[in-house]
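K.L.:
Below you will find the structure I want to go over with you.
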Amino acid sequence: MAAGVCWADSDVVLILCAGDGARWKNYLGVPKQLAPLGGVPVLKRSIELVRELTGCVPVVVTADERLSQSAPRVFYPARRRWIVETLAGTANLWGQRTVVLLGDVFYSREAMRAIFGFQRDLVFFGRAGASFISGKRYGEIFAITFTAPVAWLVLRGLENVIHQAEHGARGKLWELLWYLRAVGGSLVTFHRIEDETDDFDSPADYRRMAWLYQAFVSEKESIRTVARIVGLLLFGPHAAWHRWKQWRADWQKTQQARYGTPARSPLRLAGYHHPPGAFLCPSQHVPWPTE
């Protein structure tokens, strides 16, 4: 993205912060997007990274006045029952290229560079399973980017997922990814981010992450590297176990589809948060843009 053209002329960066934060329960007396990791509120860090790396002024999508006070641009969504409905409500803001970030995610500088550097038409950025660094048991979607030629497909997917949510589905971005993969095929890319980038949903998540993330905001690469090693030693075995269970579940589904035989025994996974077949596919990588 070229600096200075991303808002008015072509590209748009949205930061979604319209969830009700039910699991957060107003812990620390602030929305979770304003909770500090490494001494800096998560939302403030994301805004500063976007402006530093791209020159863009992001739009914070929120219904909480506390968040709007610290945002350079704000959009108030009309409906926000599910995150997909919030995103659909921003359609009039979409540009030649639209980047969708999440307000409760701590983004590493490397992850943010990858998000803005990926040039394909429709890309989901996330982690397919448990984190080896933060201790989160589930996969996560951290960002979506799409260009104007495929915006109609994204909107169609959002409308479909909203319809399913009105009949009992969860209205999550994973469901949007699954639908778009089904109708868009190879047009949809899932790019894995496997570092300290992560979100937190509950006070327990935050307390577990807060002490470790003091090091991840350091300007020194050596300190960040040591923190990653510490996280790996603490949470790596746990993450490997959950990822193996997910891989096994994917493999059993593949065998069942190929040979028509049921899986021998059902598996109780730590979470459903990973794209189907994610552990049977090679990782997709893209070079980070140079400074």
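The values are calculated or read from the model by the stated rules, or taken from the named source; none is laboratory data. Since the model is a prediction, treat every value here as computed from it, not as a measurement. Don't worry about glycine lacking a Cβ; one is built from the backbone with ideal geometry, like all the others, and counts go over all protein chains shown. Side chains included, ligands, DNA and RNA excluded: accessible areas come from the protein's heavy atoms. Shrake-Rupley method; radii C 1.70, N 1.55, O 1.52, S 1.80 Å.
K.L.:
Quick one: in region 156-175, of everything that is part of a loop (DSSP other than H, G, I, E, B) and touching a residue at least 60 places away in the same chain (Cβ under 8 Å), which residue is surrounded by the most Cβ atoms within 10 Å (Cβ to Cβ)?
P.N.:
Ranking the qualifying residues of region 156-175, first place goes to Gly171.
K.L.:
How about region 96-120: which of its residues are among the aromatic types (Phe, Trp, Tyr) and under 14 Å from the mean Cα position of the chain (by Cα)?
P.N.:
Phe106, Tyr107, Phe116
K.L.:
Within region 214-246, which residues are touching a strand residue (DSSP E or B) at 6+ places or on another chain (Cβ under 9 Å), assigned to a helix (DSSP H, G or I) and buried (at least 18 other Cβ atoms within 10 Å of the Cβ)?
P.N.:
Phe216
K.L.:
Find the residue count for region 108-130, including only residues that are touching a helix residue (DSSP H, G or I) at 6+ places or on another chain (Cβ under 6 Å) and part of a loop (DSSP other than H, G, I, E, B).
P.N.:
So the count comes out to 4.
K.L.:
Now a separate question. Checking the condition within 18 Å of Val12 (Cα to Cα) and crowded, with 19+ Cβ neighbours inside 10 Å, which residue from Ala151, Ala91, Ala128, Ala143 passes?
P.N.:
Answer to the selection: Ala143.
K.L.:
Restricting to region 12-52, what's the tally of residues that are at pLDDT below 90 and not in a loop (DSSP other than H, G, I, E, B)?
P.N.:
Counting residues in region 12-52 that are at pLDDT below 90 and not in a loop (DSSP other than H, G, I, E, B) gives 0.
K.L.:
Any residue at all in region 62-73 that's in contact with a Gly (Cβ under 6 Å, 6 or more places away or on another chain), in contact (Cβ under 8 Å) with a residue 12 or more places away in the chain and among the small types (Gly, Ala, Ser)?
P.N.:
No; the residues of region 62-73 include none that is in contact with a Gly (Cβ under 6 Å, 6 or more places away or on another chain), in contact (Cβ under 8 Å) with a residue 12 or more places away in the chain and among the small types (Gly, Ala, Ser).
K.L.:
Still on this structure, I have one more. Out of everything in region 176-206 that is free of Cβ contacts under 8 Å to residues at least 60 places away in the same chain and in contact with a helix residue (DSSP H, G or I) (Cβ under 9 Å, 6 or more places away or on another chain), what residue ends up being surrounded by the fewest Cβ atoms within 10 Å (Cβ to Cβ)?
P.N.:
Going through the qualifying residues, I end up with Val183.
K.L.:
Okay, next question. Within region 161-204, count every residue that is within 14 Å of Phe106 (Cα to Cα) and touching a Gly at 6+ places or on another chain (Cβ under 8 Å).
P.N.:
2
K.L.:
Filter region 132-155 down to residues that are in contact with a strand residue (DSSP E or B) (Cβ under 6 Å, 6 or more places away or on another chain) and either assigned to a helix (DSSP H, G or I) or not aromatic (Phe, Trp, Tyr) (or both), then give me how many there are.
P.N.:
So the count comes out to 11.
K.L.:
Which pairs do you get when a residue that is under 14 Å from Ala128 (Cα atoms) and of a type in the set (A, V, I, L, M), found in region 225-243, comes within reach of a residue that is at pLDDT 90 or above and open to solvent by 30 Å² or more (accessible area, probe 1.4 Å), reach meaning Cβ atoms under 7 angstrom, with the pair 6+ apart or on two chains?
P.N.:
Qualifying pairs under 7 Å: Ala239/Phe132.
K.L.:
Please state which one of Val84, Val100 is in contact with a strand residue (DSSP E or B) (Cβ under 8 Å, 6 or more places away or on another chain) and closer than 22 Å to Val183 by Cα.
P.N.:
Selected residue: Val100, the only one of Val84, Val100 that is in contact with a strand residue (DSSP E or B) (Cβ under 8 Å, 6 or more places away or on another chain) and closer than 22 Å to Val183 by Cα.
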